[in-house]
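> This is the structure I have questions about; it appears just below.
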Amino acid sequence: MWHWAMKNSLYAQNKFVFVDGSLSKPPESVPEESAWIKCNSMVVAWIFNALSMSCQRNYTTMLVFM
């Protein structure tokens, strides 16, 4: 259920391309790179905030030890 809701939400915002990899990060030398980073960060925040607190703790713990 969570997967379906998140996927539909991202499709509705035209942001699913950041998740499925069909919109890769542009080179640093082009102006679009800044906009891509901003949108990608927003998508990561949406997904992280949609996780349960338990999953958030597990994810952040994993990042610390990677």
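> Could you identify which residue out of K25, K38, K15 has the top mean-square fluctuation in a GNM of the chain using Cα springs shorter than 10 Å?
Among K25, K38, K15, the largest mean-square fluctuation in the Gaussian network model of the chain belongs to K38.
> While we're looking at this one, here's another question. For the chain, max minus min Cα coordinate along each principal axis, in Å, sorted largest first?
Computed over the chain, the largest-to-smallest principal extents equal 39, 31, 15 Å.
> What size of dipole, in debye to the nearest 20, comes out for the chain about its Cα centre when the only charges are +1 on Lys and Arg C-beta atoms and -1 on Asp and Glu C-beta atoms?
My answer is approximately 260 debye.
Read-outs: derived from the displayed coordinates by stated rules, not from any lab. Computed from a predicted structure; not experimentally measured. With ideal geometry, Cβ positions are generated from the backbone for all residues, glycine too; neighbour counts draw on all protein chains shown.
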